[in-house]
Ligand SMILES: NC(=O)c1ccc[n+]([C@@H]2O[C@H](COP(=O)([O-])OP(=O)(O)OC[C@H]3O[C@@H](n4cnc5c(N)ncnc54)[C@H](OP(=O)(O)O)[C@@H]3O)[C@@H](O)[C@H]2O)c1
């Protein structure tokens, strides 16, 4: 094991001014934890872009190495939870928030933050899925647990070309659901059909005349990543007894809504958090993502970058311009 490794480091050079460099760091500088992992792949999530660009709400202390996802091999594990050489996935908790994350070639974390890599996934495939895919998987898991079945009716996915959205479209279709994808990128209609969407709707069309307190009943379920007026319109157009999951704020953290969909249509709103989801639920969802729900088309269309290639992706991600998933290869840092 080398004493030093390469990592992307975000620094605050002046109040409110942030820059990113690839630096040499020492394993000794990593935080305490039972599990030392040599990271082979990481991924790009919305939170990573926020942390790397110094946006408020994710990382409090800089200099900092972002990366809320990491997959690699165990170097050592002092509590015996994992064997040296075992492939593991580490996502969520404080990784990449205020704990040095997956944009470094080594991480040290509590062993409870890791899950075993499912046999049917490579390390790279696990990071194409990443936190975005785990979140999409948890959303599907919760919809199904709430009784939404493929025969219940259409499921709408918002922010459909993004990381969570594209995997949600793909795995819902794999699980037999009829998916309606809502997107701001009409140019990606073919991409979304390729993922398994039965219908693709433009964001503008979906939002037209959506100010009324209740809208025509259309969805048995919704996976929303956008928040704000789009989530409100989704809830207002959910059919009687339908279920809406909410995991993101790519559009807005607000929810401009009244109570009518809940008290007149028995609609349920479920919150999804991947960062602290219980280990047994994560392990189960990872297993489904590796097999039955395997998002093959998202895997084929994923972009791969090295640490240096990340810089241009951060801005594009915060503007909502990226499509699908971006995996980060740590081999050539
Ligand atoms: N709760 C959790 O555990 C959890 C986990 C992962 C992610 N998230 C959250 O989920 C959201 C999506 O994450 P992601 O990784 O999928 O990000 P992403 O790849 O950037 O995708 C977000 C998508 O939302 C749409 N969008 C972006 N800006 C928008 C706007 N202003 N108004 C309406 N739609 C907009 C775009 O899709 P279209 O152009 O196709 O509409 C965009 O591609 C983020 O808010 C993230 O923080 C939460």
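The values are calculated or read from the model by the stated rules, or taken from the named source; none is laboratory data. From a predicted model like this one, the values you see are computed outputs, not experimental measurements. Ideal geometry is used to build each Cβ from the backbone, glycine not excepted, and the neighbour counts take in all protein chains shown.
Quick look at the values:
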{"read-out": "In region 184-196, the residues that are touching a strand residue (DSSP E or B) at 6+ places or on another chain (Cβ under 6 Å) and loosely packed, with under 14 Cβ neighbours inside 10 Å", "value": "186"}
{"read-out": "So residue 54, is it modelled with pLDDT of 95 or more and buried (at least 21 other Cβ atoms within 10 Å of the Cβ)", "value": "no"}
{"read-out": "Test: residue 89 is closer than 24 Å to residue 23 by Cβ, surrounded by 19 or more Cβ atoms within 10 Å (Cβ to Cβ) and in contact with a helix residue (DSSP H, G or I) (Cβ under 8 Å, 6 or more places away or on another chain)", "value": "no"}
{"read-out": "Filtered residue count, region 197-223, keeping only those that are surrounded by fewer than 22 Cβ atoms within 10 Å (Cβ to Cβ) and part of a loop (DSSP other than H, G, I, E, B)", "value": "12"}
{"read-out": "Residue match in region 281-299 (condition: without any contact (Cβ under 8 Å) to a residue 40 or more places away in the chain and either over 28 Å from residue 106 (Cβ atoms) or not assigned by TED's automatic domain parsing to the domain that holds residue 188 (or both))", "value": "no"}
{"read-out": "Residue in region 224-238 that is under 14 Å from residue 260 (Cβ atoms), assigned to a strand (DSSP E or B) and away from the ligand (no atom under 11 Å from the Cβ) present", "value": "yes"}
{"read-out": "Pick from region 157-177, criterion in contact with a strand residue (DSSP E or B) (Cβ under 7 Å, 6 or more places away or on another chain) and closer than 30 Å to residue 260 by Cβ, ranking: farthest from the ligand (Cβ to nearest atom)", "value": "177"}
{"read-out": "Yes/no for residue 110 being more than 29 Å from residue 180 (Cα to Cα) and either away from the ligand (no atom under 15 Å from the Cβ) or assigned by TED's automatic domain parsing to the domain that holds residue 243 (or both)", "value": "yes"}
{"read-out": "Single unsatisfied condition, residue 321 versus (1) in contact (Cβ under 8 Å) with a residue 40 or more places away in the chain; (2) touching a helix residue (DSSP H, G or I) at 6+ places or on another chain (Cβ under 9 Å); (3) farther than 19 Å from residue 135 by Cβ; (4) not in a strand (DSSP E or B)", "value": "(1)"}
{"read-out": "Selection count, region 117-151, where residues are farther than 26 Å from residue 331 by Cα and within 16 Å of the ligand (Cβ to nearest atom)", "value": "9"}
{"read-out": "Enumeration of residues in region 73-128 that are assigned to a helix (DSSP H, G or I) and in contact with a strand residue (DSSP E or B) (Cβ under 8 Å, 6 or more places away or on another chain)", "value": "111, 113, 123, 124, 126, 127, 128"}
{"read-out": "Residue selected from region 260-278 under the condition closer than 15 Å to residue 217 by Cβ and assigned to a loop (DSSP other than H, G, I, E, B), by the criterion farthest from the ligand (Cβ to nearest atom)", "value": "266"}
{"read-out": "Criterion violated by residue 19 - all others in (1) within 30 Å of residue 320 (Cβ to Cβ); (2) in contact (Cβ under 8 Å) with a residue 60 or more places away in the chain; (3) in a strand (DSSP E or B) satisfied", "value": "(2)"}
{"read-out": "Check on residue 16, closer than 26 Å to residue 248 by Cα and more than 16 Å from the ligand (Cβ to nearest atom)", "value": "yes"}
{"read-out": "Output for region 143-172, where each listed residue is surrounded by fewer than 24 Cβ atoms within 10 Å (Cβ to Cβ) and assigned to a helix (DSSP H, G or I)", "value": "144, 145, 150, 151, 152"}
{"read-out": "Tally, over region 25-36, of residues that are closer than 14 Å to residue 96 by Cα and crowded, with 19+ Cβ neighbours inside 10 Å", "value": "1"}
